[in-house]
Amino acid sequence: MTQEAPATAPAMTSSPTPVEPAPASTAPVSTEGDASGAPLPLAPPAALTPERYDLALEGFTIDPALVQNADPVLREIGLSNDAANKLLPVARDIMARTQDALVRQIEDAAAIQKKTWYDAFLADPDIGGARRGETEHLTAKALDALGYRQGHPFRQALNDSGFGNHPDMIRAFRRLGELVGEDGSFVRPTTASNAKRPVWERLYPNESR
């Protein structure tokens, strides 16, 4: 007795999954192709730029000439009017910090120059050193005689700017102090009668003729 071979089960076959075509690019393409002839995609359109930028920053008046100079740059990067206005506070803070740093730099340089002049005055044997006290007395005497008494704006400006520490400035006022008499008038060492002449004639004798 023979056994019949079991029937072979039919092979399961699956239908291939349909492949969806890639969506066509929505980016605009150029009418000019590359070397292979394929069209080149164009850059995406820039943000809508206004016909004229209207920039405003609270508490500040913006120079129209500045807006005019910035206009081509804002258009090149495609900023809208709202986006451009959002940048203004940032630009303001950057400018303020830059200005503060510049002021500090100028002040530091002025302080160094002021000290340099003062050290040169102290080291000068003719007006500084052992003669420092005498020089300070004579320069103060000259300033008083010229009407620039203590507290006068000119005298304060000499101190604030540092020019009052310049050796040549000190030397000049010391010399004037030597020409000032006890009564505060200018005298010439050659004759006592000059004490009665006007100050401008004693300072500029050649121009009085």
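If I model a spin label as a point 7 Å beyond the Cα along the Cα-Cβ vector, how far apart are those points for ALA123 and ASP93 in nm?
For the pair ALA123/ASP93, the computed spacing is 4.6 nm.
For HIS152 and ALA172, what is the calculated FRET efficiency with R₀ set at 22 Å and r taken between the beta-carbons, to the nearest 0.05?
Approximately 0.80, to the nearest 0.05.
May I ask you to order 100-106, 161-167 by the average number of other C-beta atoms within 10 Å around their residues, highest value first?
So the peptides 100-106, 161-167, ranked by packing, come out 161-167, 100-106.
What length, rounded to one decimal in nm, is gained on full extension from GLU134 through to SER161, with 0.36 nm per residue of separation minus their alpha-carbon distance?
7.4 nm
Simple spin-label model, 7 Å along Cα-to-Cβ: ASP100 to ASP63 in nm?
Using points 7 Å along Cα→Cβ, the separation is 2.3 nm.
Here, each number is a calculation from the coordinates, and none is a lab measurement. This is a predicted model, so every value here is computed, not measured. Please note: Cβ atoms are built from the backbone with ideal geometry, for glycine as well, and neighbour counts cover all protein chains shown.
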